[in-house]
1. Can you tell me the equivalent ellipsoid semi-axes for the range 89-167? Use √(5λ) from the Cα gyration tensor, largest first, whole Å.
2. GNM, the chain, Cα, under 10 Å: largest mean-square fluctuation among GLY162, GLY86, GLY132?
3. Among DSSP bridges having both ends in the range 1-111, what percentage is antiparallel? Round to the nearest 5.
4. Taking +1 at the Cβ of each Lys and Arg and -1 at the Cβ of each Asp and Glu, which of SER37, PRO9, ASN57 sits farthest along the dipole of the range 1-99 towards its positive end, judged by Cα position relative to the Cα centre?
5. I'd like the Karplus ³J(HN,Hα) series for the range 91-98: coefficients 6.51, -1.76, 1.60, θ = phi - 60°, whole numbers in Hz, and an x wherever there's a Gly or Pro.
6. Could you please state how large a percent of the accessible area of the range 1-134 is carbon and sulfur, counting protein chains only and using a 1.4 Å probe?
7. Could you tell me which of ASN135, LEU78, ALA111 has its Cα farthest along the dipole of the range 65-172 towards the positive end, charges placed at Cβ (Lys, Arg +1; Asp, Glu -1), taken about the Cα centre?
8. Could you work out the relative contact order of the chain? I mean the mean sequence separation of Cα pairs under 8 Å and 6+ apart, divided by the number of residues, in percent.
Amino acid sequence: MAKEALPLPDAYALLEPGPVVLLSTAHKGKPNIMTMSWHTMMEFEPPLVGCVVSGNNFTFRALSATQQCVINIPTVELSSQVVDCGNTSGSTVDKFEAFGLTPMDAELVEAPLIAECYANLECRIADDQLTGRYNFFVLEVVKAWIDRSNDNPRTIHHRGYGTFMVAGETIKLPSKMR
Ligand SMILES: Cc1cc2nc3c(=O)[nH]c(=O)nc-3n(C[C@H](O)[C@H](O)[C@H](O)COP(=O)(O)O)c2cc1C
């Protein structure tokens, strides 16, 4: 197999960890949405999710101040809103209004669910010890919602530089992992 050197900043695109998600927050009565692909599962129960939120993002301030957020999982039908929420800042744009997304009350956190997303995970910060060093937050999922009528959610996966992979074929294998 002939290989060439890959620029180091492009390594992340080979290890994309899961679907692109929309992180919603609410701070001082202002709801906001940020697109996020740098997240990882860390534990089954309680479910822990690690994620990197840049300190330059409006979301960083809201999440740090409120300690709460919702991870909303969109499908390919929402791709243009996903990109729009990643290309704009809540400091200047009301993204729910601008991109036609609907906020819904969550049960256990102040941050809103995004109605159009097929699943929503209400989260509280469980650990911020690595936030100062890496902008890394460990979130605990305290409530989870799913639209079971969608039995083939076609999530989108970031490959870098405006390239996305859409979830497709499902295969069954004899894996023992839950
Ligand atoms: C596909 C995609 C994935 C992204 N992933 C992340 C991420 O994991 N962490 C992050 O801090 N920003 C990420 N961003 C950038 C933020 O979404 C972007 O900076 C956004 O404008 C922040 O919004 P805010 O200022 O309202 O918080 C991503 C953007 C896109 C388009």
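1. Values: eigenvalues 100, 75, 60 Å².
The equivalent ellipsoid of the range 89-167 has semi-axes of 22, 19, 17 Å.
2. Evaluated over the chain, the most mobile residue of the options is GLY162.
3. Bridges in the range 1-111 that DSSP calls antiparallel: roughly 100 percent.
4. ASN57
5. 5, 10, 10, 7, 6, 4, 5, 5
6. On the way: 4000 of 7310 Å².
Carbon and sulfur: 55 percent of the exposed surface of the range 1-134.
7. Checking the options against the dipole of the range 65-172, the answer is ASN135.
8. 24
The values are calculated or read from the model by the stated rules, or taken from the named source; none is laboratory data. All of these numbers come straight from a predicted model, not from anything done at the bench. So basically every Cβ, Gly included, is an ideal-geometry build from the backbone, and we count neighbours across all protein chains shown. To get the accessible areas, we keep the full protein, side chains included, count just its heavy atoms, and leave off ligands, DNA and RNA. Shrake-Rupley method; radii C 1.70, N 1.55, O 1.52, S 1.80 Å.
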